[in-house]
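*Asks:* Take this structure, written in structure tokens, and hold onto it; I'll ask about it next.
Values in this text are rule-based calculations from the coordinates and carry no lab data. These figures come from a predicted structure and were not determined experimentally. Cβ placement follows ideal geometry from the backbone for every residue including glycine, while neighbour counts extend to all protein chains displayed.
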Amino acid sequence: MLAIIDYDAGNIKSVEKALIMLGEEVVLTRDRDVLLNADGVILPGVGAFGDAMNKLHAYGLVEVIRSVAEKNIPFLGICLGLQLMFESSEESPGVTGLNLLKGKILKIPPKQGLKIPHIGWNNLSFPNKGRLFEGVQENSYVYFVHSYYLKADDEDIVKATTEYGVRIHASVEKGNLFACQFHPEKSSEVGLKILRNFVEITREK
């Protein structure tokens with residue numbers, strides 16, 4: 001069973017629908033016991049970094065998420081979920097993220113001809129081999145919606161990058177922790193393959 005963390009963020013239902021389409025048993029929950037006994041846990045979302053962290057604290061989910069990570073339960077952050085896994089964001093100065101991984105979330109710098117937020121399809125490069133991208137061709141296109149991007153401290157955890165005026169760390173992996181800045185649930189067959197790969201990882205435990 002896969003658990004999607006319900007913390008009143010946007011875009012959670014589309015992730016649930018994609019996983020159900022793959023034939024998976026999925027539950028939306030903020031229940032500690034359910035999350036700690038799931039085969040895999042997903043933190044999706046769109047919205048502001050600070051508001052999201054406030055909600056995670058209000059629902060008592062910050063320590064639960066850290067416990068999920070410590071138990072080596074496969075954990076996938078999507079879009080805002082990726083950003084929350086890191087230390088901080090320029091979007092919300094003074095707000096501490098989940099700090100599961102080291103790195104900062106920075107504002108996409110303005111550049112002539114580029115619209116911000118970045119909304120649309122971009123191709124991926126694979127600087128390091130990642131399990132989420134097993135069977136996915138390099139330069140495949142995925143769907144992004146964001147104004148802020150990840151710069152991870154450790155380049156070795158970066159499994160996919162894209163260019164949008166700046167080199168964006170589009171996906172990371174370290175141990176049981178996985179994250180995508182793009183939306184696999186909105187990225188057609190490529191995205192479904194990435195979600196299917198995560199499901200397969202949850203079965204390897």
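*Asks:* Return the percentage of antiparallel bridges among DSSP beta bridges fully within the chain, rounded to the nearest 5 %.
*Replies:* Roughly 60 percent of the beta bridges in the chain run antiparallel, per DSSP.
*Asks:* By its C-alpha gyration tensor, with a ≥ b ≥ c as the square roots of the eigenvalues, how is the range 37-96 shaped: rounded for a/c under 1.5, else prolate for a/b larger than b/c, else oblate? Intermediate values should be presented prior to the final figure.
*Replies:* Working: a/c = 2.03, a/b = 1.69, b/c = 1.20.
It comes out prolate by the Cα gyration axes.
*Asks:* A 31 angstrom limit on the alpha carbon distance is what I want to check against. Which of Lys55/Lys102; Lys17/Lys111; Lys55/Lys111 exceed it?
*Replies:* Correct reply: Lys17/Lys111; Lys55/Lys111.
*Asks:* Which whole-number percent is the relative contact order of the chain (Cα, under 8 Å, 6+ apart)? Provide the component values of the computation, followed by the final result.
*Replies:* Values: 455 pairs, mean separation 39.5, N = 205.
It rounds to 19 percent for the chain.
*Asks:* Report, for the range 1-58, the % of DSSP beta bridges that are antiparallel, rounded to 5.
*Replies:* On the way: 1 of 8 bridges.
Here the antiparallel bridges make up roughly 10 percent for the range 1-58.
*Asks:* Could you tell me which residue out of His118, Thr29, Leu100 lies farthest along the dipole of the chain toward its positive end? Charges go on the beta carbon: Lys and Arg +1, Asp and Glu -1, centred on the Cα centre.
*Replies:* Sorting the options by dipole projection puts first His118.
*Asks:* Continuing with this model, one more query. Charges at C-beta only: +1 for Lys and Arg, -1 for Asp and Glu. How large is the resulting dipole of the range 28-150 about its Cα centre, in Debye rounded to 20?
*Replies:* Numbers: 12 positive and 11 negative charges, 57 e Å.
With only Lys, Arg, Asp and Glu charged at Cβ, the dipole is about 280 debye.
*Asks:* While we're on this one: Report the calculated FRET efficiency for His57 and Lys107 (r = Cβ-Cβ distance, R0 = 25 Å), to the nearest 0.05.
*Replies:* Numbers: r = 24 Å, r/R0 = 0.94.
That pair, His57 with Lys107, gives E of 0.60.
*Asks:* Which value, in debye to the nearest 20, gives the size of the charge dipole of the range 85-205 about its Cα centre, when Lys and Arg are +1 and Asp and Glu are -1 at the Cβ?
*Replies:* Using Cβ point charges on Lys, Arg, Asp and Glu, the range 85-205 gives about 140 debye.
*Asks:* I've got another one for you. Over the chain, with a Gaussian network built from C-alpha contacts below 10 Å, which listed residue (Pro184, Pro44, Pro93) shows the highest mean-square fluctuation?
*Replies:* Pro93
*Asks:* Further question on the same structure: Met1: net charge of surrounding residues, Cβ under 10 Å, Lys/Arg +1, Asp/Glu -1, itself excluded?
*Replies:* Values: positive: none; negative: Glu24, Glu25, Asp39.
Computed value for this residue: -3.
*Asks:* Right, another one. Which residue, Val62, Ser171, Asn139, has the largest displacement toward the positive end of the dipole of the range 51-205 when charges sit on each Cβ (Lys, Arg +1; Asp, Glu -1)?
*Replies:* Asn139
*Asks:* Obtain the nm distance between the two label points defined at Asn139 and Met21 by a simple spin-label model: each point lies 7 Å from its Cα along the Cα-to-C-beta direction.
*Replies:* Result: 2.6 nm between the two label points.
*Asks:* While we're looking at this one, here's another question. May I ask you to derive the FRET efficiency for Val95 and Arg203 from their Cβ-Cβ distance with R0 = 30 Å, giving the value to the nearest 0.05?
*Replies:* On the way: r = 35 Å, r/R0 = 1.17.
Given R0 = 30 Å and the Cβ-Cβ separation, E is 0.30.
*Asks:* Using a 7 Å offset from the Cα along the Cα-to-Cβ direction at both Ile116 and Asp154, what is the distance between the two label points in nm, to one decimal?
*Replies:* Each label point lies 7 Å from its Cα, and together they span 2.9 nm.
*Asks:* Quick one: putting +1 on the C-beta of Lys and Arg, -1 on the C-beta of Asp and Glu, what dipole do you get for the chain around its Cα centre, in Debye to the nearest 20? Walk me through the intermediate numbers first.
*Replies:* Details: 23 positive and 26 negative charges, 77 e Å.
With Lys and Arg at +1 and Asp and Glu at -1, about 380 debye.
*Asks:* May I pose another question? Normalised by the residues of the range 108-193, what does the relative contact order come to in percent, with Cα pairs under 8 Å and at least six apart?
*Replies:* Working: 157 pairs, mean separation 26.1, N = 86.
Relative CO of the range 108-193 lands at 30 percent.
*Asks:* Can I ask one more? Hey, what number do you get for the chain at 222 nm if only DSSP H runs of n ≥ 4 count, each worth -39500 (n - 2.57), divided across all residues, to the nearest 500? Each step should come with its number before you reach the end.
*Replies:* On the way: 6 runs with 55 residues, N = 205.
Here the helix-only value at 222 nm equals -7500 deg cm²/dmol.
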